[in-house]
């Protein structure tokens, strides 16, 4: 049976995405430490999209880059466990285990509370992987919820204290934890205080470039050392005519900030 037009379109689109991402890894990868694929951009293409994602993750590893699966997963514990299997673990079946994506880290939504986070943290520890919990995101609407009093502190600070409470579970020999926090660059005034609340956590910092965040204002995120934050830039590199040069400029700027 010949594939339908929708299936063919998905396969062609996934192939184009794979080619584009491989090219970006080749050009910009030498100035980076990780790739952060947005899972929704692959899942919308169905099975061909997920297959392309797996190949892109393999290409990133071959280039010596970490893979941060950006899906912001969050659900009740039984479903959270399934998400963990798909991202950093494997799923047992009567016919043998089915390997997941094998990411080095992933993003997660903590708003369902500690019981829903437990399977994710356990899976990350078992896989020697990291988890980045949403604390204060980079989108303008974040202030609608994350900055609300809850009741003695903003909600983002309550989430930060939750992250800090979990940080000892994935603590490395260098004192930096694999339980990290997503902290947007678009509200830099929050960063210094959040670093005080989460001294051991790696910050994953989106929002630089297209969203208006300035890397020069992120120095407080690196108070624990150069390894204590990752600045994530997607469109600012991918849409630049010279993505290699764009990545190198950002690398130099971030290195200067993190070393000062």
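Nothing in this text is a laboratory measurement; each read-out follows from the coordinates by a stated rule. Just so it is clear, the structure is predicted and the values come from calculations on it, not from any experiment. Because the Cβ atoms are built from the backbone with ideal geometry, glycine has one as well, and the counts that use them run over all protein chains shown.
Tabulated values for the structure
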| read-out | value |
| --- | --- |
| Cα-Cα P(r), region 5-154, percent of pairs per 5 Å interval | 2, 9, 16, 18, 17, 17, 12, 6, 3, 1, 0, 0 |
| Kirkwood-Stokes translational diffusion coefficient of region 129-260, alpha-carbon pairs, 10 °C, 1.306 mPa s, µm²/s | 106 |
| Centre separation in Å (Cα based) which lies between region 46-69 and region 105-119 | 23 |
| Per-residue [θ]222 nm for the chain (sum of -39500 (n - 2.57) over DSSP H runs n ≥ 4, rounded to 500) | -13500 deg cm²/dmol |
| Length released on extending from residue 196 to residue 51, taking residue separation times 0.36 nm less the Cα-Cα span | 48.1 nm |
| Kirkwood Rh and Cα Rg combined as Rg/Rh, region 139-189 | 1.05 |
| Range of Cα positions in region 63-132 per principal axis (Å), largest first | 34, 32, 18 |
| For the chain, alpha-carbon Rg and Dmax in angstrom | 18.5, 63 |
| Förster-model FRET efficiency, 45 Å R0, residue 9 and residue 242, C-beta, rounded to 0.05 | 0.90 |
| Taking the chain and dividing mean pair separation by its residue count, relative contact order in percent (alpha carbons under 8 Å, at least six apart) | 14 |
| Stretch gain in nm, segment residue 148-residue 62, where the contour uses 0.36 nm per residue and the Cα spacing is subtracted | 26.6 nm |
